[in-house]
Amino acid sequence: NAGVTQTPKFRVLKTGQSMTLLCAQDMNHEYMYWYRQDPGMGLRLIHYSVGEGTTAKGEVPDGYNVSRLKKQNFLLGLESAAPSQTSVYFCASSYGAFGTQYFGPGTRLLVL
Amino acid sequence: KNEVEQSPQNLTAQEGEFITINCSYSVGISALHWLQQHPGGGIVSLFMLSSGKKKHGRLIATINIQEKHSSLHITASHPRDSAVYICAVKRDTGNQFYFGTGTSLTVIP
């Protein structure tokens, strides 16, 4: 039982490049979330999903897209990376809207 | 404008001390979470509560919905409690979450 895993752990991108962050959970959770964490700021919700095939915008969705084609996976895409997207990205999942959130280990992204 | 405010931002305590971390919020909520972020970056959920009080080991979380305030208490603090403690609220409409910037706790032996 791996819980929540994230791939990759660390990535360096040049401005304008694209990439996809993968989040996988093996707990059969319906809800999945993508957050970013920046120094001096709290975690901020980027996008979330309440089930397979559904996604919704969070607090800071601009510049990101997501997909939830399979219940266990939640993908976060950056189509054209910008230095402002340098951050640590966390994925989380929960059984329901009020369930405990289980967090992945994070992905550190640097955009030059 | 921060929907969630935590105090203090930093806290240093001697081992064995009783610790209190405060969280105030300005929006209507359906639930409040307390999280712990370890020095290595990993985040663990400690409590989710919507009313009253919850206890787990040496940790106690309380919430006062009318005053829009929650506290996290640590009894008999230990150096392994050193971490950043984060308060998060779930809006009462939709699935939006707002997080505080965290309280960095250092417990000295």
**Report entry** Wholly within region B:39-109, strands (runs of 3 or more DSSP E) carrying at least 2 residues that are touching a residue at least 40 places away in the same chain (Cβ under 8 Å)
**Finding:** B:69-74, B:83-91, B:97-99, B:103-108
Query raised in the report: Of the numbered conditions (1) crowded, with 17+ Cβ neighbours inside 10 Å; (2) within 14 Å of another protein chain (Cβ to nearest Cβ); (3) small (Gly, Ala, Ser), B:Gly94 satisfies every one except a single condition; which is it?
Result: (1)
Query raised in the report: Can you name the number of the only condition in (1) more than 10 Å from chain B (Cβ to nearest Cβ); (2) within 11 Å of the chain's Cα centre (by Cα); (3) not aliphatic (A, V, I, L, M) that A:Phe103 fails?
Result: (1)
**Report entry** Given (1) within 11 Å of chain B (Cβ to nearest Cβ); (2) of a type outside the set (D, E, K, R); (3) within 16 Å of A:Ala24 (Cβ to Cβ), index of the condition A:Ala97 fails
**Finding:** (3)
Query raised in the report: Looking at region A:55-76, which of its residues are loosely packed, with under 15 Cβ neighbours inside 10 Å, within 14 Å of chain B (Cβ to nearest Cβ) and over 19 Å from A:Asp38 (Cβ atoms)?
Result: A:Ala56
Query raised in the report: Condition test on A:Glu79, is it in contact with a Lys or Arg (Cβ under 8 Å, 6 or more places away or on another chain) and either polar (S, T, N, Q) or away from chain B (no Cβ under 11 Å) (or both)?
Result: no
Report task. Output the residues belonging to region B:15-38 that are within 29 Å of B:Gly94 (Cα to Cα), in a strand (DSSP E or B) and polar (S, T, N, Q). Result -> B:Asn22, B:Ser24, B:Ser30, B:Gln36, B:Gln37
**Report entry** Selection status of B:Thr12, in contact (Cβ under 8 Å) with a residue 24 or more places away in the chain and not in a strand (DSSP E or B)
**Finding:** no
Query raised in the report: Out of region B:41-62, which residues are in contact with a Gly (Cβ under 8 Å, 6 or more places away or on another chain) and more than 14 Å from chain A (Cβ to nearest Cβ)?
Result: B:Thr62
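Taken together, the values in this text are just the output of simple stated rules run on the coordinates, not laboratory data. A quick note: this is a predicted structure, and the numbers were derived from the prediction, not measured. With ideal geometry, Cβ positions are generated from the backbone for all residues, glycine too; neighbour counts draw on all protein chains shown.
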